[in-house]
Amino acid sequence: MEHVNPLTGFRVDGRRPNEMRQLRGEVGVVSRADGSALFEMGNTRVIAAVYGPREIQNRSQQVNLKEALVRCEYRMAEFSTGDRRRKPKGDRRSTEISLVIRQTMEASILTHLMPHSQIDIFVQVLQADGGTRSACINAATLALADAGIPMKDIVTSCSAGYLCSTPLLDLNYIEDSAGGPDVTVGILAKMDKVTLLQMDAKLPMDTFETVMELATEGCKAIATYIREVLLENTKQLECQRG
Amino acid sequence: MVGLSEGEKHFIRGGIAQDLRADGRTRLQFRAVTVETGIIPQANGSARVRMGATEVIASVKAELGKPTILHPGKGKVSIYVDCSPTAAPMFEGRGSEELSAELSVALQRCLLGGKSGAGAAIDLSSLIVIEGKACWDLYIDGLVVSSDGNLLDALAAAIKVALSDTGIPKVNVSLNAETDGEPEFDISDEDFLQFDTSSVPVIVTLTKVGKHYIVDATSEEESQMSSAVSVSVNRLGQICGMTKRGGAGLDPSVIFDMISVAKHVSQRFISLLDSEIAAAEAADAE
């Protein structure tokens, strides 16, 4: 299957190789949570909710007394994928993604400011169309900011791949399952540091560099968008205060 | 769970006794309901229902399957509810299983009728494609995104709206010799059959706090309940199912009283939902 049209250079969903899907972020979608956000990347749609910082519920999980405990759970809705199949809760893929999100977010949260407390991040996938990992991280960043949790920087994530000898930004499900390499990058936007890097399949060294650069550019674009959303939200809050 | 001080508990109970609840409602008044349809593109029908801070999503998916040997003339419907941990941290991991199962069973009881499918709100024989060979399997999934009490009523309402939004593709069956008489299905992308959802009931839960009972309880009010009765009522005012929760016993005469109140309230709720569905469909069409 042609993933990039050799004549026009357009992809299966009509995007250019370095074009991202439509982004949409909304803050405060779960009213009972301390912080929450909805994030959409094209047809991929996730909700993140943050509870905390609050007292540690399970003392045995506490490792370091001087830092906050960050926990994360990733869950996919039954109807999120095209074909409906029952997956047991806590399957390996979910556990792995939970871990990845936790570690990525931990890198930016100033945990030493909140000793003896825990922060729970819950992400729920409503629609999956490739790049759920990235969308979850972006949603978690928005939700953490909404909860007012101190962070070093905004963490954003984006994926890029390499198909038909073209580097492609922000793969959708069809491109993701084409079997090419898929590089997921997470960065601290302002500090320009990589907190997450994952790749499957093989890729020559020099191509990897261009693909990773593309993904990093994507992350930066998302960071700009997230900042806009947060700024807009803060302005609205200010208006409400009068 | 909900942490309330003695004063707050007293305030909630006192307010209910005087017919003026903490959010200004009377005992038999619902919170504002908002409805959206068609929110899950890959489902055959979907809806989001918000009642105050409670938010639920329901999706209906149809797949071609085989009818059971016992009921060759009937399709299959299954209902499954999941409580997302975004709604409350206690739903993390396996924490939501008990509540999810309780809600799923209550909804099955109210919407699907007996084992044979008799008395079901959805006409199961309308799901048949070829008797004994092929039928539509409906998978109804509920997801609790945000929880502030009265989940069962919200889920039932969401399922009712999602079913009215559902289009089942028309199927053309061709029997040819090449495939040994096995029917071949041609699923249409354009023509859809709509359901008759007029007989799908709504659920009204009456929560008993002190001597009085209230509808559409928030989670603070639910924490003060002694018992609750969920009654599912259809448009004709017929009772389709009932569940009692909570530990305290109820006098039979109180139950009859509650049923008649639920019947009365449900008619108001159904017309409220109908107007919301019409508004959502109009917004969708634009």
Alpha-carbon centroid distance for the pair region B:96-159 / region A:160-237, whole angstrom:
40 Å
Could you compute the net charge surrounding B:D274? Neighbours are other residues with a C-beta less than 12 Å from the C-beta of B:D274; K and R count +1, D and E count -1.
+1
Toward the positive end of the charge dipole of region B:132-242, about the Cα centre and with charges on Cβ (Lys, Arg +1; Asp, Glu -1), which of B:I140, B:T205, B:L151 goes farthest?
B:T205
To test your reading of the geometry: what angle, between 0 and 90 degrees and rounded to tens, separates the Cα axis of helix A:92-106 from the longest principal axis of chain A?
60 degrees
Given A:A201, A:L188, A:C219, which one lies farthest toward the positive end of the charge dipole of region A:178-222, if we put +1 on the Cβ of every Lys and Arg and -1 on the Cβ of every Asp and Glu?
A:L188
Just to confirm the number: angle between the C-alpha axis of helix B:151-165 and the first principal axis of chain B, 0 to 90 degrees, nearest 10?
30 degrees
With Cα atoms, 0 to 90° folded angle of helix A:205-241 axis to chain A main axis:
40 degrees
Quantify, in whole percent, the carbon and sulfur part of the accessible surface of chain B (1.4 Å probe; protein heavy atoms only).
53 percent
Distance between the C-alpha centers of region B:1-76 and region A:124-158? Whole Å please.
27 Å
Please tell me which of these pairs span more than 23 angstrom C-alpha to C-alpha: B:K74/B:K244; B:K208/B:K263; B:K61/B:K263; B:K160/B:K211?
B:K74/B:K244; B:K61/B:K263; B:K160/B:K211
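Could you tell me which GluC sites (Glu not before Pro) in region A:3-50 are loop residues by DSSP with no more than 15 other beta carbons within 10 angstrom of their beta carbon? It would help to have the intermediate numbers written out before the result.
Values: sites: A:E19, A:E26, A:E40; in loops: A:E19.
Sites meeting the loop and neighbour criteria: A:E19.
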Mind checking the mean number of beta-carbon atoms from other chains within 10 Å of the Cβ atoms in A:118-126?
4
Of the candidates B:Q267, A:F39, B:T218, the farthest towards the positive dipole end of the protein assembly as shown (Lys/Arg Cβ +1, Asp/Glu Cβ -1, centred on the Cα centre) is B:T218
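So how much slack lies between B:I69 and B:K133, counting 0.36 nm per residue of separation and subtracting their Cα-Cα distance, in nm? If you can, show how the numbers build up before the last one.
Details: separation 64, 0.36 × 64 = 23.04 nm, distance 0.96 nm.
Difference between extended and current length: 22.1 nm.
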If one computes the Cα centroid of region B:245-277 and of region A:1-70, what distance in Å separates the two points?
40 Å
Under 21 Å between alpha carbons - lysine pairs in region A:23-237 that sit 8 or more apart or on different chains
6
Local net charge near B:H264, Cβ-Cβ under 14 Å (Lys/Arg +1, Asp/Glu -1):
+3
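So if a site counts as exposed when it's one of the trypsin sites (Lys or Arg not before Pro), its DSSP state isn't H, G, I, E or B, and it has at most 10 other Cβ atoms within 10 Å, what's the longest stretch of chain A without one? Walk me through the numbers on the way to the answer.
Numbers: sites that count: A:K66, A:R85, A:R86, A:K202.
That gives A:87-201 as the longest site-free run.
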Cβ-Cβ cut-off under 13 Å around B:P169, Lys and Arg +1, Asp and Glu -1: the net charge is -3
Tell me the label-point distance for the pair B:L20, A:M191, using the 7 Å Cα-to-Cβ offset, in nm and rounded to one decimal.
5.4 nm
Where nothing but the Cβ of Lys and Arg (+1) and of Asp and Glu (-1) is charged, how large is the charge dipole of chain A around its Cα centre, in debye to the nearest 20?
720 debye
Can you give the % of DSSP beta bridges in chain B that are antiparallel, to the nearest 5?
85 percent
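What is the mean number of Cβ atoms from other protein chains located within 10 Å of the Cβ atom of each residue in peptide A:46-54, rounded to a whole number? Could the numbers behind the result be given before it?
Working: counts 1, 7, 1, 8, 2, 6, 1, 0, 1.
That works out to 3 on average.
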How many partner chain Cβ atoms sit within 10 Å of a residue's Cβ in peptide B:76-88, on average, as a whole number?
5
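Which FRET efficiency, nearest 0.05, do B:K263 and B:S5 yield, Cβ-Cβ r, R0 41 Å?
0.65
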For the pair B and A, the solvent-accessible area buried on both sides (1.4 Å probe; DNA, RNA and ligands excluded), in Å² to the nearest hundred, is 2600 Å²
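Quote the relative contact order of chain B in percent (integer), defining contacts as alpha-carbon pairs under 8 Å separated by 6+ residues.
Working: 577 pairs, mean separation 56.5, N = 286.
Relative CO of chain B lands at 20 percent.
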HN-Hα J couplings of region A:30-45 from phi, Karplus 6.51/-1.76/1.60, θ = phi - 60°, integer Hz, Gly and Pro as x?
10, 5, 7, 7, 5, x, 7, 7, 10, 9, 10, 10, x, 8, 7, 9
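Over region B:169-280, what is the relative contact order in percent, taking alpha-carbon pairs closer than 8 angstrom and at least six residues apart?
19 percent
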Determine the calculated [θ] at 222 nm for the protein assembly as shown from helices alone, applying -39500 (n - 2.57) to every DSSP H run no shorter than 4 residues and normalising by the residue count; nearest 500 deg cm²/dmol.
-9500 deg cm²/dmol
Note down the relative contact order for region A:23-237 as a percent, whole number, built from C-alpha pairs under 8 angstrom at least six residues apart.
22 percent
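Give the accessible surface of region B:6-285 per residue, rounded to a whole number of Å², with probe radius 1.4 Å and ligands, DNA and RNA excluded. Walk me through the numbers before you get to the answer.
On the way: 12260 Å² over 280 residues.
Value returned for region B:6-285: 44 Å² of accessible area per residue.
The values are calculated or read from the model by the stated rules, or taken from the named source; none is laboratory data. Small disclaimer: the values here were computed from a predicted structure and weren't measured. Don't worry about glycine lacking a Cβ; one is built from the backbone with ideal geometry, like all the others, and counts go over all protein chains shown. With ligands, DNA and RNA removed, areas are computed over all heavy atoms of the protein, side chains included. Shrake-Rupley method; radii C 1.70, N 1.55, O 1.52, S 1.80 Å.
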